[in-house]
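Working notes for the structure below.
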Amino acid sequence: MSRTPVVGGNWKLNTNRQQARALLTALRASLDGLGGVELVVCPPAPWLGDASDLLDGSSLSVGAQNVHAEPAGAFTGEQSAAILAGTVSHVIVGHSERRHVFGESDETVAAKLRSVLDAGLRPLLAVGELQEEREAGWTAAVLRRQLTSAFEALDGLPEGFVVAYEPVWAIGTGLTATPEIAQEACAQVRSMIEERFDATTAEATRIQYGGSVTPGSVVQLAAQPDIDGALVGGASLDADSFTAICSAVAEAAAR
Ligand code: PEP
């Protein structure tokens with residue numbers, strides 16, 4: 001079955017407004033209309049309106065990096081899925097920096113995932129193991145725990161659902177997982193989705209790899225049968241690098 005790969009650019013806590021607008025303009029110029037791949041740009045929250053305006057009518061989508069699980073209320077400083085829905089189409093849920101820097105539990109991630117789906121937005125659900133968990137041989141168990149919790153209250157997954165497999169030891173470290181390691185984990189994620197739902201859902205789910213992806217490393221990663229694109233942090237801040245990554249993923253999908 002052919003799945004349309006997805007490349008996300010997670011800008012994290014980077015760019016001022018001027019830089020963000022320049023990067024968005026450059027990305028539109030180089031990537032609008034690129035076929036065979038879905039593209040999602042995730043700037044910091046204050047620039048989401050700029051992103052929505054500057055990418056309006058293009059083939060690039062806008063995503064948020066985070067969301068609050070409650071739909072509304074006295075939650076100063078937060079954004080709900082309902083609020084984001086006017087501006088973005090996608091939301092990253094469960095990024096390892098949310099889990100490990102901000103202490104988000106599996107339960108919080110599950111609540112956020114539900115709120116995003118309830119609002120009609122498309123989540124990029126991030127999962128992945130710590131270095132010590134991999135060394136202890138717990139990678140599959142960690143992925144199973146994170147996915148089981150995230151999917152607990154769901155009857156099914158919407159068509160084209162996206163999971164990002166992001167080993168924590170590979171994020172922002174330059175230690176890209178080998179294509180073999182990334183493929184093995186993404187295949188495990190797919191088989192866990194089949195166990196939880198069914199084969200059709202598993203086959204239709206897009207599974208990205210994330211962790212120090214570069215224009216060089218993405219070529220082999222994107223060639224793996226269970227890897228359907230990439231979630232990109234550092235390299236998404238450079239228009240040329242992100243364009244090269246998106247183009248390589250589109251080329252791999254066309255083979
Ligand atoms: C990320 O932020 O999801 C990520 C994978 O970052 P980096 O590409 O910088 O490792």
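At-a-glance table
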quantity: Under-5 Å amide H pairs with Val6, H placed in peptide plane, nonlocal only; calculated: Glu38, Gly229, Ala230
quantity: Of Asp53, Asp155, Asp106, the one that fluctuates the most in a GNM where the chain has Cα springs shorter than 10 Å; calculated: Asp155
quantity: Calculated P(r) tail over 29 Å for the chain, as whole % of Cα pairs; calculated: 23 percent
quantity: Cα gyration tensor shape of the stretch 13-60, rounded if a/c is under 1.5, else prolate or oblate by comparing a/b with b/c; calculated: prolate
quantity: Estimated FRET transfer efficiency when R0 is 25 angstrom, pair Glu107-Glu194 (beta carbons, to 0.05); calculated: 0.55
quantity: Choice from Ile193, Ile83, Ile92 with maximal GNM fluctuation in the chain (Cα, 10 Å cutoff); calculated: Ile83
quantity: Förster radius 30 Å - calculated FRET efficiency between Trp138 and Gln19, Cβ distance, rounded to 0.05; calculated: 0.15
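A short reminder: the numbers here are calculations on the coordinates, not readings from a lab. Only a predicted model underlies this, so the values are computations on that prediction, with no experimental measurement involved. In this analysis, Cβ positions are derived from the backbone assuming ideal geometry, glycine residues included, and neighbour counts consider all displayed protein chains.
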